[in-house]
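Would you mind keeping the following structure in view while I ask a few things?
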Amino acid sequence: MNSEERQIGIPLIGDKFPTMQVTTTFGPMTLPDDANKDGHWFVLFSHPADFTPVCTTEFHAFALRNDQFQALKTRLIGLSIDQVFSHIKWTEWIHENLKVKIPFPIIADDGTVGKRLGMIHPGKGSNTVRAVFIVDANGIIRLIIYYPQEIGRNMDEIVRAVKALQLADKEKVAIPANWPNNELIGDKVIIPPAKDVKTAEERKKAKEAGTLECYDWWLCYKKL
């Protein structure tokens, strides 16, 4: 990211999601306030264009998992640089031909939102990349993923990421690779590393006594 991009406010993980007025297939919205209403998280994801093959498979996949996101008190919001009537017609096509209704709003962007969030694909005109922003209930950006146009996203990973972030917040733990199917510790979670000598020594003794599961004092884990 160059200095010019940072100056126009492209957000980073840990930043407050910028306030913006958007037009969607469900009517006007103010982000992040409307998306965070009633304590919800939200996933804002962009796609290159309506009526394109990979994007169609993605929207179908997101729609199939909408109940999973709802169970996590998380809203889905799509976006591309297309007009509202294009979004509406495309979602009608998906409903009629793929037998799935798109249950979440899609932002009709004129390029303003895409540029502000760093979604414009380099060298591809006004098309947006396949960006994913996971935003918590306080409007803080917790995760950002970018995919190129050629590669469709893994929606199960996005569900997993929301679950992992919420669990880490609730239990004050860290989440291992491939959780809940980590190759070392399965569905267990990682206890934050000791921050002082006393705690490190206590963990060594707990490991030796069998009261705490650890590979070492800095890699301890537990079952929730």
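The values are calculated or read from the model by the stated rules, or taken from the named source; none is laboratory data. Nothing here was measured: the structure is a model prediction, and the numbers come from that model. When we count neighbours, we look across all protein chains shown, and the Cβ atoms used for this are built from the backbone with ideal geometry, even at glycine. Note: areas computed on protein heavy atoms with side chains; ligands, DNA, RNA excluded. Shrake-Rupley method; radii C 1.70, N 1.55, O 1.52, S 1.80 Å.
Only one of E157, E208, E150 is in a loop (DSSP other than H, G, I, E, B), open to solvent by 40 Å² or more (accessible area, probe 1.4 Å) and of a type in the set (D, E); which?
On inspection, the qualifying residue turns out to be E150.
Continuing with this model, one more query. Taking V162 as the residue in question, decide whether it is open to solvent by less than 40 Å² (accessible area, probe 1.4 Å) and over 19 Å from G39 (Cβ atoms).
No: the conditions fail for V162.
Going through the stretch 110-139 one residue at a time, which ones are assigned to a loop (DSSP other than H, G, I, E, B), open to solvent by less than 10 Å² (accessible area, probe 1.4 Å) and under 22 Å from Q83 (Cβ atoms)?
Once the filter is applied, which keeps residues that are assigned to a loop (DSSP other than H, G, I, E, B), open to solvent by less than 10 Å² (accessible area, probe 1.4 Å) and under 22 Å from Q83 (Cβ atoms), the stretch 110-139 yields G111, L117, M119.
What do you reckon, is W41 more than 20 Å from the chain's Cα centre (by Cα) and open to solvent by less than 40 Å² (accessible area, probe 1.4 Å)?
No.
Right, here's the next one. Checking K195 against (1) in a helix (DSSP H, G or I); (2) surrounded by fewer than 18 Cβ atoms within 10 Å (Cβ to Cβ); (3) of a type in the set (K, R), only one condition comes out false. Which one?
(1)
Suppose we filter the stretch 62-77 for residues that are open to solvent by 10 Å² or more (accessible area, probe 1.4 Å) and under 18 Å from I107 (Cα atoms); how many remain?
Going through the stretch 62-77 one residue at a time, the tally reaches 3.
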